[in-house]
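What follows is one structure encoded as structure tokens, with my remarks underneath.
The values are calculated or read from the model by the stated rules, or taken from the named source; none is laboratory data. Keep in mind that this is a model prediction, so the values were computed, not measured. Methodologically, a virtual Cβ is constructed for each residue, glycine included, from the backbone with ideal geometry; neighbour enumeration extends over all protein chains shown.
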């Protein structure tokens, strides 16, 4: 068993833990523990909202979630000898739910409080609770679906340098200023309220809280990539920007479809990660690495049959766009959702399925202008009935869809 270096109490807020982690990125957040190259160790994590979402049948907690509190990250963990220009080699040896919390949740956020990829189509809060049975997940809110998860870290990263943090804030502010009143916003800018900054207090806390980057997007330090293949058995190469690297992790997912399309679209959970770390001295400079590299794991659920739904670069009004892969992926997802509705699922339930099951998202064509073609591959074996098109028409999985109404 890996020795625990960061443990959590699920009954306490993150800023009241024995070791206090953080929910912002800043080079001046001190490391709370240190390890050496070659060490194997365990890090426990709360769910990304710091326990705001309950195991119940109401979506009010998703509707009212305080997004300035997320993502709570365990760390920073200093790696002795790490220096700017190095590559930090991070092996994910094991990832699992904490024994005291064998469940997770998926949420569609309110459009005015977080939104998401399909927020115009699904503007109101919705929640599904998932129960874990070994490697499988099932939900009382999404009937007749069962799948094996690829348990992974939604967020893992290293601290930015002062110069890199300034670059983030400048480029994101320039985007934010193009439409500062947009709902949902274009950018989550620095915001001191609900900041958790490790052991910092007083005027130093106030300064860092004003400057620190929110943890919402992926950046050069890795951060919130939500790559479902960042699972046990994978290896991550992270460029180092500060002395010690200052590794942090959180936002653990039991399973997720490519894109995490409902924003809180994975199966979010509290869990632990067993790490092994090492260093390639001057590796970032040697290989010209400015953003992380992932070496994938041999472990994946083995589904063999998919229905692949296509989408092209046509917006919601029917306007032709030029090679817009984001819009093409949105159209593919909406096409899949509309198809699943024919079997009795609500639109929200279908969106949850795409966000949580091991769905494959692909850019299938990116050269044939004006339409990019994206596809979303839905494994047919996750359903306990046949969803393939047939002359007999779709078999409805539940008449009246009572479960969909209960969870909204």
Original post:
Within the range 243-255, can you find the residues that are out of contact with any helix residue (DSSP H, G or I) (no Cβ under 6 Å at 6 or more places or on another chain), assigned to a loop (DSSP other than H, G, I, E, B) and surrounded by 24 or more Cβ atoms within 10 Å (Cβ to Cβ)?
Top reply: 245, 246, 254
Subject >> Unmet requirement for residue 232, which otherwise passes all of (1) surrounded by 16 or more Cβ atoms within 10 Å (Cβ to Cβ); (2) over 30 Å from residue 380 (Cα atoms) >> reply: (2)
Subject >> Subset of the range 257-278 (residues that are within 19 Å of residue 299 (Cβ to Cβ) and either assigned by TED's automatic domain parsing to the domain that holds residue 359 or over 8 Å from the mean Cα position of the chain (by Cα) (or both)) >> reply: 257, 258, 267, 269, 271, 272, 273, 274, 275, 276
**OP:** For the range 172-183, indicate whether the set of residues that are closer than 30 Å to residue 374 by Cβ and surrounded by 19 or more Cβ atoms within 10 Å (Cβ to Cβ) is non-empty.
**Re:** yes
**OP:** Report yes if residue 171 is outside the structural domain of residue 341 (by TED's automatic domain parsing) and not in a helix (DSSP H, G or I), otherwise no.
**Re:** no
**OP:** Output yes when any residue across the range 199-215 is crowded, with 17+ Cβ neighbours inside 10 Å, under 21 Å from the mean Cα position of the chain (by Cα) and closer than 23 Å to residue 89 by Cα, and no when none is.
**Re:** yes
Subject >> Residues that are surrounded by 19 or more Cβ atoms within 10 Å (Cβ to Cβ), touching a strand residue (DSSP E or B) at 6+ places or on another chain (Cβ under 7 Å) and not in a strand (DSSP E or B), drawn from the range 1-25 >> reply: 8, 21, 23
Original post:
Given the residues 57, 28, 94, which is the only one that is touching a helix residue (DSSP H, G or I) at 6+ places or on another chain (Cβ under 7 Å), at pLDDT 95 or above and farther than 30 Å from residue 167 by Cα?
Top reply: 57
**OP:** For the range 224-236, indicate whether the set of residues that are modelled with pLDDT of 95 or more and touching a helix residue (DSSP H, G or I) at 6+ places or on another chain (Cβ under 8 Å) is non-empty.
**Re:** no
Original post:
For residues in the range 56-84 being outside any loop (DSSP other than H, G, I, E, B) and in contact with a strand residue (DSSP E or B) (Cβ under 7 Å, 6 or more places away or on another chain), which is surrounded by the fewest Cβ atoms within 10 Å (Cβ to Cβ)?
Top reply: 78
Subject >> Those residues of the range 93-117 which are outside any loop (DSSP other than H, G, I, E, B), within 15 Å of the chain's Cα centre (by Cα) and within 19 Å of residue 129 (Cβ to Cβ), in sequence order >> reply: 104, 105, 106, 107, 108
Subject >> Residue check for residue 287: modelled with pLDDT of 95 or more, out of contact with any helix residue (DSSP H, G or I) (no Cβ under 9 Å at 6 or more places or on another chain), crowded, with 22+ Cβ neighbours inside 10 Å and outside the structural domain of residue 368 (by TED's automatic domain parsing) >> reply: no
Subject >> Qualifying position, being farther than 17 Å from residue 152 by Cα and in contact (Cβ under 8 Å) with a residue 60 or more places away in the chain, among 237, 241, 254, 263 >> reply: 241
Original post:
Has the range 195-214 got any residue that is over 22 Å from residue 8 (Cβ atoms), assigned by TED's automatic domain parsing to the domain that holds residue 101 and assigned to a loop (DSSP other than H, G, I, E, B)?
Top reply: no
